[in-house]
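Report on one structure; see the data block that follows.
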Amino acid sequence: MKNIIRIFDGIILSLSACCFMLAIYAGNVFYENNAAHKGQFPYFLFFCVLIIAAIAVNIVPSPFNFKIKPTRLRMLADGSDLLIAFLVSSVISIAFHIYLAFTGILSSGLGIGFYIASIFVALIILAFTFINAVVRICAGSSQLSAGRKAAVVLTGGIPIVNFFTLFPVIKCAKAEVNFESDKISLDLDREKDEVCKTKYPILFVHGVFFRDFKYFNYWGRITDELQKNGAQIYFGNHQSALSVIDSAKELTQRIKQITAKTGCEKVNIIAHSKGGLDCRSAISNLGADKFVASLTTINTPHRGCEFADYLLGVVPKSMQNKIANTYNCAMRKLGDENPDFIAAVTDLTHKNCEKFNETAPDVDGVFYQSVGSKLNKASNGQFPLNFSYHLVKYFNGANDGLVAESSFKWGSKYTFVTTEGKRGISHGDMIDLNRENIDGFDVREFYVQLVSNLKSMGL
C-alpha cells in the first residue's frame, strides 16, 4: 500500500508539473466533443485543482507516515517519499515537454510562449518539491554525512546525475527510519522489564584526551538507551590526560562520592580505552575495590601499544614537548586543572603496561570482563584512526584503529566484536562516537545486553 501511495504521489506531481499544457489540451478535447459549449471549459479551475493537489502531496506525502514517531523520523520518511515522487515526476515532465517540442506545439498551433510558460510552471513545482524534500531529509536524518547532504543540494536538480546522488540518500533515509522505529518499538515493549536496572549504578569512564562534556556525550547515544531501559548512570568527570595513577586517584574520589551521596554501596564500571587502566589502578592500588562490583573494559590497551613506544622513541623531545604544551594549554581552558599529555601517552606504551600489569592484579570480589573490536579496513575509521590503523597493524597486527586485538582481553569474560565484510568496528565505534548506525552491529543494543547481563548476575 505504501508503494501505491508513492506511485500516486508521483502521478499527481507529474500531472501538476504538466498542468499548464494539459489544461489547454483538455480544453481542446472538450471543444471538439462539445462544440456548443465553446469557451466554457474551466481552464483556470483545472489548473488550480492540479496545483492544489501538488501542494497537498508536498504537505502530506503519505498518511502512513503519521504513525511514525518522533517528529524527526516522520520528517525523514516524508522527505524520502517526496524525493521518490520528485524523481518520477521529473522524468515524466521532461519526457512530456520533449514530446511537446517535437509534436505538440507544432501540431496544435500554439505559440512558443505557451511552451515556455509550461516549462516555467513545471520548474516551479519540481523545485518546490525538491527543496521541501531536501529540507525534511537534512533536518530529520542523523545518519547522512554533511558531504552527502551537500551533494544532494548541489546535484539533486541535475537530470540523470540526480539519480546517482538521490537514490543512495533515499535508501539511507528509509533504512534509518526503519531501524530507529524498530528500536523505539523494542524499548516500548520491554519498558516495564527495566532490563538494565542493575543492583548497583553504572559509572562510565572515558578514555584519554576526552572529557565528560555536558553538551557532547563521549558515549554517544548509549547512555540514553540504557536509561530508557532502567539504568542509573554516572560519569567519571575526571581530567582528560593524566598518568594512570593520577587518573586513578581522581576516579577513586569520584566513586566514593557517588556511593556516599546515593547510598548505593558499590558501582559497576564501564571504562573505555585508557579509562580501563585507570580503573584497574584505582581498584588494585587505591582501595576502590570496596566500592566496585564489576569492571567492564572496552577496547582497553591492557598490554599497551608498541607503536606508542616507537613514536616516543623517534619523535624529537622538542616536538613532543611542543605538542604536549599546546594540548595542555588548550585543555586547561576547557576545565582540566593540570593535564599531562606526556604522562598519559607514556603510560600507554607496551613497556609501561607490562610493568603496570605486574603491580595491578585483579582483586577478589570484583567481576572483571573485557570487550574488544576489529576494524577490517583503515578507510572505515574516522580520522585519525584511519591513519594510526596502519601503524598499529605494522607493530601489532589486527586492531581497532588504535589498539591491537592482542591487547584487549582481560578478566574472566571476553567479548570480541567485528562485522562481516570490509567495515569492522573501530575504537570510536565502540563508544558510538560518530552516532552511526552500522550494518551488523547495533552499538546501543550491545550495551543494553551488556548491562542486562550484569543485572542477571545480581550486580
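Of all the strands (runs of 3 or more DSSP E) wholly in the stretch 224-305, which have at least 2 residues that are hydroxyl-bearing (S, T, Y)?
Where strands (runs of 3 or more DSSP E) fall fully within the stretch 224-305 and carry at least 2 residues being hydroxyl-bearing (S, T, Y), they are 292-298.
Quick check: is even one residue across the stretch 306-317 buried (at least 24 other Cβ atoms within 10 Å of the Cβ) and under 14 Å from F408 (Cα atoms)?
The answer is no, given that none of the residues of the stretch 306-317 is buried (at least 24 other Cβ atoms within 10 Å of the Cβ) and under 14 Å from F408 (Cα atoms).
Here are S426, S456, S452, S406: which of them is without any contact (Cβ under 8 Å) to a residue 24 or more places away in the chain and not β-branched (V, I, T)?
S456
When you check T300 against the structure, is it within 24 Å of R211 (Cα to Cα) and either surrounded by fewer than 21 Cβ atoms within 10 Å (Cβ to Cβ) or over 33 Å from the mean Cα position of the chain (by Cα) (or both), yes or no?
no
Taking the options V152, V88, name whichever one is free of Cβ contacts under 8 Å to residues at least 60 places away in the same chain, assigned to a helix (DSSP H, G or I) and touching a Ser or Thr at 6+ places or on another chain (Cβ under 8 Å).
Within the list V152, V88, the selection yields V152.
Out of everything in the stretch 376-424 that is within 23 Å of T349 (Cα to Cα) and of a type in the set (A, V, I, L, M), what residue ends up being surrounded by the fewest Cβ atoms within 10 Å (Cβ to Cβ)? Write out each step before concluding.
Narrowing the stretch 376-424 to residues within 23 Å of T349 (Cα to Cα): 378, 381-411, 414, 416.
When the remaining residues are screened for being of a type in the set (A, V, I, L, M), the result is 378, 385, 391-392, 398, 402-404.
On the way: A378: 18, L385: 21, L391: 18, V392: 27, A398: 16, L402: 25, V403: 26, A404: 23.
Per the criteria, the residue is A398.
Tell me which of these L144 doesn't satisfy, since it passes every other one: (1) in contact (Cβ under 8 Å) with a residue 12 or more places away in the chain; (2) assigned to a helix (DSSP H, G or I); (3) not β-branched (V, I, T).
(2)
Return the total of residues in the stretch 50-78 being in contact with a Cys (Cβ under 8 Å, 6 or more places away or on another chain) and closer than 16 Å to E180 by Cα.
0
For every residue, the table says whether it meets (1) assigned to a loop (DSSP other than H, G, I, E, B); (2) touching a Phe, Trp or Tyr at 6+ places or on another chain (Cβ under 7 Å).
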site	(1), (2)
T419	yes, yes
K422	yes, no
H427	yes, no
N434	yes, no
Q449	no, no
L454	no, no
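Output the qualifying pairs, or none if there are none: Cβ atoms under 9 angstrom, residues six or more apart or on different chains, first residue in the stretch 366-378 and within 11 Å of W410 (Cα to Cα), second residue β-branched (V, I, T) and surrounded by fewer than 19 Cβ atoms within 10 Å (Cβ to Cβ).
Here the result reads Q369/T415; S370/T415; V371/T415; G372/T415, each pair linking the stretch 366-378 to a residue that is β-branched (V, I, T) and surrounded by fewer than 19 Cβ atoms within 10 Å (Cβ to Cβ).
Just one of the numbered conditions (1) surrounded by fewer than 19 Cβ atoms within 10 Å (Cβ to Cβ); (2) at pLDDT 90 or above is not true of R136; which one?
(1)
Which one of these does F235 not meet: (1) without any contact (Cβ under 8 Å) to a residue 60 or more places away in the chain; (2) within 25 Å of L385 (Cβ to Cβ); (3) surrounded by 21 or more Cβ atoms within 10 Å (Cβ to Cβ)?
So the condition that F235 fails would be (3).
The values are calculated or read from the model by the stated rules, or taken from the named source; none is laboratory data. Treat the numbers as computed from the prediction; the structure is a model and nothing was measured. Using ideal geometry, Cβ is built from the backbone for each residue, glycine included, and neighbour counts are taken over all protein chains shown.
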